[in-house]
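Presented below is the structure to which this report refers.
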Amino acid sequence: MLRMENRVYIIGGGLGGLFSGALLTKEGYKVTVFEKNHIIGGGLQTFRRYGTGFETGMHMLGGLREGQSINKICKYLGIFDKLKIRDLDVDCMDQITYASDGRVLRIPEGREAFTRYFQEQFPDEAENVKAYVDALYAMVDQIDFYYLRTTNDHIFTHSESFFWPADQFVAHYIKDEKLRDILGYMNPMYGGYEGHTPAYIHALINVLYIDGPSRFEGNSQQMADALAEVIQVGGGEVLNNSEVTHVTIEERQVKGIEVNGKTVEISPEDDIKVVCSIHPAALLKITDEKAFPKSYRTRITEAPNSYSSFCVYVVFKPETFPYINHVCYYQDDYGYVWNFDQYDEDNFPRGFLYLTPAEENQGKYATKLICNCPMTIDVCEKWSDTKSGHRGPEYEAWCRKIADKFIDKLEQLYPGFRDRIAHIFTSSPLTIRDYYNEPDGALYGIHKDCVNIAEGQVPVFTKVRNLFMTGQNVNLHGFCGVPLTAINTTEAIVGMNKVTNKINEFNAQI
């Protein structure tokens with residue numbers, strides 16, 4: 001019989017909540033996950049329109065290749081073989097097109113190939129390119145948990161450049177201004193701002209994808225379902241349509257969780273743990289004012305969030321558009337890549353990424369395409385008090401106007417593109433805000449700012465003894481960062497390095 005102290009309640013059934021729940025299940029805990037939406041998964045969710053499935057977030061995947069961190073975690077949890085994964089093209093993982101001069105870059109995966117490619121493209125920068133790539137990898141090597149290396153303390157020492165602004169880090173090595181711009185092309189993957197985003201985030205994302213990107217075949221919901229199965233087989237529950245509306249905290253202890261109007265009481269004697277996988281600001285809204293120190297509440301509510309995005313979804317007419325097995329980036333011109341937060345109605349979008357997600361048994365032709373361009377939520381401020389599906393004709397007309405701008409540029413890249421479209425629809429920062437319960441529709445949670453590092457820090461531990469944090473607002477965001485943070489959260493409960501050692505030992509034996 002499991003004792004009550006082996007029970008964990010998790011608020012939020014997204015990537016962080018599900019990975020934390022699966023890891024805690026492996027540690028013998030009985031886990032209950034509460035997810036407010038009809039579908040579990042957060043950014044892993046898949047929705048259907050016009051008979052076609054669309055991923056809401058996880059379009060690009062890193063860390064899944066043999067020997068990489070997420071691969072190891074998934075094998076340890078027993079879910080890797082259940083996932084349908086497709087690796088992107090080795091000789092072209094990413095393609096960048098600059099409309100201003102017609103330049104098209106086809107960037108290969110792999111450290112050596114990546115370095116050699118840019119040396120060939122910019123021969124005068126050959127030595128600088130090598131120094132830059134070496135610096136990327138040296139910086140990431142300072143982060144033990146990225147490589148699932150154990151550590152003996154919670155104090156981390158880093159090089160001086162670790163907290164430089166990312167654009168300054170690139171400029172330190174690269175002299176050619178066009179190459180500086182090009183090497184910042186992954187900016188939309190981490191919400192970078194000029195002069196503010198720390199260099200270590202730039203390095204992590206770049207190394208993650210240089211080492212080999214992948215994508216789901218079919219849909220990303222498969223990972224959410226696989227993680228949920230781990231929890232359920234272990235005796236736990238993953239409950240959708242279960243919104244946590246209040247968390248009672250007294251004397252620095254969670255003593256109750258209200259779910260759909262009913263309270264789940266938590267006795268201090270049972271030592272039940274609670275893991276929060278929602279935005280910290282959303283947690284504060286469902287707790288009493290005195291539950292956390294005023295300084296903490298102020299810091300969280302005033303911390304800037306990362307920017308959001310505007311998305312265009314296209315369903316193609318059958319066999320009219322080729323499937324593209326890499327990610328494509330478009331730029332009007334050089335000089336914009338670090339300023340996506342600056343909205344210009346006349347010129348939006350100045351740059352965007354687009355991709356054709358893979359179906360199971362993907363053939364020659366694509367069934368759909370997704371375009372994504374960063375956008376801040378203040379652009380949609382006039383509709384901020386509305387709800388999805390009820391924003392009115394003016395909003396719908398605005399979305400159509402924005403979508404037409406995307407299609408105009410895709411028409412330039414692929415003449416006749418409009419004629420291949422069967423259906424088209426959009427989402428805005430307001431959609432993301434409401435769908436994920438993320439303030440400002442933040443794609444990457446609280447923005448990490450090298451000018452004020454402490455402002456964006458959300459520790460795994462809280463001032464509440466039995467309450468722990470996980471998810472994209474803690475440590476790192478994204479498909480790789482969130483599972484690694486889930487290990488940090490789990491080890492905060494079960495003991496430092498305990499889970500990391502088990503993952504490494506398991507993979508050493510297979």
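The values are calculated or read from the model by the stated rules, or taken from the named source; none is laboratory data. Since this is a predicted model, take the numbers as computed values, not measurements. Heads up, the Cβs are rebuilt from the backbone with ideal geometry, glycines too, and the neighbour counts pull from every protein chain shown. Side chains are part of the model used for accessible areas, which takes the heavy atoms of the whole protein and leaves out ligands, DNA and RNA. Shrake-Rupley method; radii C 1.70, N 1.55, O 1.52, S 1.80 Å.
Details
- Against the numbered list (1) surrounded by fewer than 17 Cβ atoms within 10 Å (Cβ to Cβ); (2) part of a strand (DSSP E or B), Asp404 comes up short only at (2).
- Residue ID - nearest to the chain's Cα centre (by Cα), chosen from residues in the range 332-359 that are at pLDDT 95 or above and farther than 21 Å from Pro429 by Cα: Pro357
- Scanning the range 307-325 for residues that are over 26 Å from Cys380 (Cβ atoms) and either among the aromatic types (Phe, Trp, Tyr) or not in a loop (DSSP other than H, G, I, E, B) (or both) yields a count of 4.
- Residue match in the range 327-349 (condition: among the aromatic types (Phe, Trp, Tyr), open to solvent by 40 Å² or more (accessible area, probe 1.4 Å) and under 27 Å from Asn452 (Cα atoms)): yes
- In the set (1) farther than 30 Å from Ser267 by Cα; (2) under 17 Å from the mean Cα position of the chain (by Cα); (3) polar (S, T, N, Q), Thr470 fails one condition alone, (1).
- Test: residue in the range 132-141 that is hydrophobic (A, V, I, L, M, F, W, C), within 30 Å of Leu24 (Cβ to Cβ) and either in contact (Cβ under 8 Å) with a residue 60 or more places away in the chain or open to solvent by 20 Å² or more (accessible area, probe 1.4 Å) (or both): yes
- Scanning the range 90-106 for residues that are surrounded by fewer than 16 Cβ atoms within 10 Å (Cβ to Cβ) and acidic (Asp, Glu), we see that the one that is nearest to Cys74 (Cα to Cα) is Asp91.
- Filtering the range 163-199 to residues that are modelled with pLDDT of 95 or more, open to solvent by 10 Å² or more (accessible area, probe 1.4 Å) and among the aromatic types (Phe, Trp, Tyr) leaves Trp164, Tyr173.
- Scope the range 407-454; condition over 22 Å from the mean Cα position of the chain (by Cα), assigned to a loop (DSSP other than H, G, I, E, B) and under 24 Å from Val315 (Cα atoms); matching residues: Tyr414, Pro415, Gly416, Phe417
- If the condition is being among the small types (Gly, Ala, Ser) and in contact (Cβ under 8 Å) with a residue 40 or more places away in the chain, then the range 167-187 contributes only Gly184.
- Flag if Val104 is in contact (Cβ under 8 Å) with a residue 40 or more places away in the chain and over 21 Å from Asn219 (Cβ atoms): no
- Total residues in the range 2-61, condition of a type in the set (Asp, Glu) and either open to solvent by less than 20 Å² (accessible area, probe 1.4 Å) or under 19 Å from the mean Cα position of the chain (by Cα) (or both): 2
- Some residue of the range 144-152 being crowded, with 16+ Cβ neighbours inside 10 Å, touching a strand residue (DSSP E or B) at 6+ places or on another chain (Cβ under 8 Å) and in a loop (DSSP other than H, G, I, E, B): no
- Of the strands (runs of 3 or more DSSP E) lying entirely inside the range 202-306, those containing at least 3 residues that are within 30 Å of Gln142 (Cα to Cα) span 214-216.
- Subset of the range 458-478 [of a type outside the set (A, V, I, L, M) and either open to solvent by less than 10 Å² (accessible area, probe 1.4 Å) or more than 22 Å from Tyr147 (Cβ to Cβ) (or both)]: Phe461, Thr462, Lys463, Arg465, Asn466, Phe468, Thr470, Gly471, Asn473
- Whichever residue in the range 414-457 is open to solvent by less than 10 Å² (accessible area, probe 1.4 Å) and among the aliphatic types (A, V, I, L, M) and, among such residues, is farthest from Ile286 (Cα to Cα): Leu430
- Candidate set from the range 259-308 (those that are touching a Gly at 6+ places or on another chain (Cβ under 8 Å) and polar (S, T, N, Q)); member that is modelled with the highest pLDDT: Ser277
- So Pro280, is it open to solvent by 10 Å² or more (accessible area, probe 1.4 Å), over 27 Å from Phe54 (Cβ atoms) and under 19 Å from the mean Cα position of the chain (by Cα): no
- Filter pass, Ala486 being more than 17 Å from Tyr307 (Cα to Cα), in contact with a Gly (Cβ under 9 Å, 6 or more places away or on another chain) and either open to solvent by 20 Å² or more (accessible area, probe 1.4 Å) or modelled with pLDDT of 90 or more (or both): yes
- Selection of first residues in the range 264-284 that are in contact (Cβ under 8 Å) with a residue 40 or more places away in the chain and under 30 Å from Gly456 (Cβ atoms) and of second residues that are of a type in the set (Ser, Thr, Tyr) and open to solvent by 30 Å² or more (accessible area, probe 1.4 Å), restricted to Cβ pairs under 7 Å at least 6 apart or on distinct chains, gives the following pairs, ordered by first then second residue: Ala281/Thr301.
- Cβ-Cβ distances below 6 Å connect the following pairs, each with a first residue in the range 369-398 that is in contact (Cβ under 8 Å) with a residue 24 or more places away in the chain, a second residue that is β-branched (Val, Ile, Thr), and a separation of six or more residues or different chains: Leu369/Val314; Leu369/Thr356; Cys371/Val312; Ser388/Thr431.
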